[in-house]
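The values are calculated or read from the model by the stated rules, or taken from the named source; none is laboratory data. Computed from a predicted structure; not experimentally measured. Using ideal geometry, Cβ is built from the backbone for each residue, glycine included, and neighbour counts are taken over all protein chains shown.
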Amino acid sequence: MRKGKQVRRFRGSELEQRFLGNGGLGAATIAAGMGIYPRKMFYQLGWTTLPGLRGIGVSEFRATPTDAPDEEHGVAVDFASHAERDAFLHDIEEAFAARRFLSAADAFDTVKAYALEHGAKR
């Protein structure tokens, strides 16, 4: 049986109702594996660091899609949709618009902590 037929059989079936109705932890994983619901996308977070008279500022945040997130040398975040990604970029831009840092390392650590906190809230 081809995957397309399997997906059509699953949609609207009693099996789908059991998984989604019970809110089971496996429902999203199984549905994503069948190609019904989108999987999380991983993004590498980037930004511009600019020196200023009052300290270092960070701005122009961007999220680049990646298959291999690099948590060791960068900041990787995952989003379920493009709308969630866009909302996060808007929020982080607002949060760091007026903040200044004494060093680039301090700025990096603070941005990374903000991104990890965002992940924990979901």
Subset of region 77-87 (residues that are loosely packed, with under 12 Cβ neighbours inside 10 Å and in a loop (DSSP other than H, G, I, E, B)) = Ser81
The correct count of residues that are in a helix (DSSP H, G or I) and over 14 Å from Tyr43 (Cα atoms) in region 88-119 is 18
Log entry, pairs with first residue in region 46-70 being touching a residue at least 60 places away in the same chain (Cβ under 8 Å), second being aromatic (Phe, Trp, Tyr) and surrounded by 13 or more Cβ atoms within 10 Å (Cβ to Cβ), beta carbons closer than 7 Å, six or more apart or on different chains, reads Trp47/Phe61
Per the filter on region 51-66, residues farther than 18 Å from Gly119 by Cβ and either outside any strand (DSSP E or B) or at pLDDT 90 or above (or both) are Pro51, Leu53, Arg54, Gly55, Ile56, Gly57, Val58, Ser59, Glu60
